[in-house]
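Beneath this line is the structure, given in structure tokens, with notes to follow.
Computed from the coordinates by the stated procedures, all read-outs in this text should not be read as laboratory data. Remember, predicted model here, so these are calculated numbers, not experimental data. All Cβ positions, even for glycine, are placed from backbone atoms using ideal geometry, and neighbour counts span all protein chains on display.
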Amino acid sequence: MKLFYAPSSPYVRKVLACAIALDLDRQIELVPVKPFESPAELLAVNPLSRIPCLVTSDGAALFDSPVICEYLDSIDGPAILFPPVGRARWRALKQQAMADGILDAAVARRMESLRPQEAARDAFMARQQAAVVRTLAVLESDPPHRTVDIGTISIACALGYLDFRFAHEPWRDTHPRLAAWCAGFAENPCIARTTPRDAV
């Protein structure tokens, strides 16, 4: 399998964390790309020019991170990261949705922060920040469990992205239960081995 990726992408991190948790990471060749430059090799498999994009061993191209993570979980036997039924499934999927919402807002805010300052930009960034703040409050009131699944991996990646891109806005002091969970969960190899970084 081939994964088109950038080391700073939190969505890529989620895929890599799932691959590590499933012991599939050695089966994946990493192909570094700059999606904003729309390289031909990425466009050939993903017309959206977005990462992550996984090309499976039989040549199928899969993208966005929820699809890729669920595909990886389907490769060897019964699902591990996506509970198949019941309350555990809906909790994991809800947590993934909340984490992806944090990421969508944080990434949009990060991209907007690189533009020249103006009132419309500032209003957009404030709206994205408010979405993150509200979602952190929900997670603080009901912290994730310790089980490694798509929900907990997604939340850890989202919190890691906040630390990576918004370290000047610490969230731990006002969310002690979530911070304690994050500190413990960060010891899982799938999180510890996928710390985000800027491309060299």
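Things to note:
- Positive contributions from Lys and Arg (+1) and negative ones from Asp and Glu (-1), summed over other residues with Cβ under 15 Å from the Cβ of Leu43, come out at +1.
- Here the calculated FRET efficiency for Asp23 and Arg121, from their Cβ-Cβ distance with R0 = 35 Å, stands at 0.20, rounded to the nearest 0.05.
- For segment 112-157, trypsin sites (Lys or Arg not before Pro) meeting the loop criterion (DSSP other than H, G, I, E, B) and having at most 15 other Cβ atoms within 10 Å: Arg146.
- Residue order, fewest to most surrounding Cβ atoms within 10 angstrom, among Ser113, Ser57: Ser57, Ser113
- Those lysines that a straight Cα-Cα span of less than 21 Å connects to Lys34, excepting residues fewer than 8 apart in one chain: Lys2, Lys14
- Taking every DSSP helix (H) stretch of at least 4 residues in the chain, weighting each as -39,500 (n - 2.57) and dividing the sum by the residue count yields a mean residue ellipticity at 222 nm of -17000 deg cm²/dmol.
- By other beta-carbon atoms within 10 Å, ranking Thr194, Thr135, Thr147 with the fewest at the front produces Thr147, Thr135, Thr194.
- Rounded to the nearest 5, the antiparallel percentage of DSSP beta bridges internal to the chain is 60%.
- Most positive-pole-ward Cα, Ala180, Cys190, Ile68, against dipole of the chain from beta carbon charges: Ala180
- Net charge of Cβ neighbours under 12 Å - reference Cys190; Lys, Arg +1; Asp, Glu -1: -1
- Net charge of Cβ neighbours under 9 Å - reference Arg165; Lys, Arg +1; Asp, Glu -1: +1
- What you get for the chain, charging only the Cβ of Lys and Arg (+1) and of Asp and Glu (-1), is a dipole of about 380 debye around the Cα centre.
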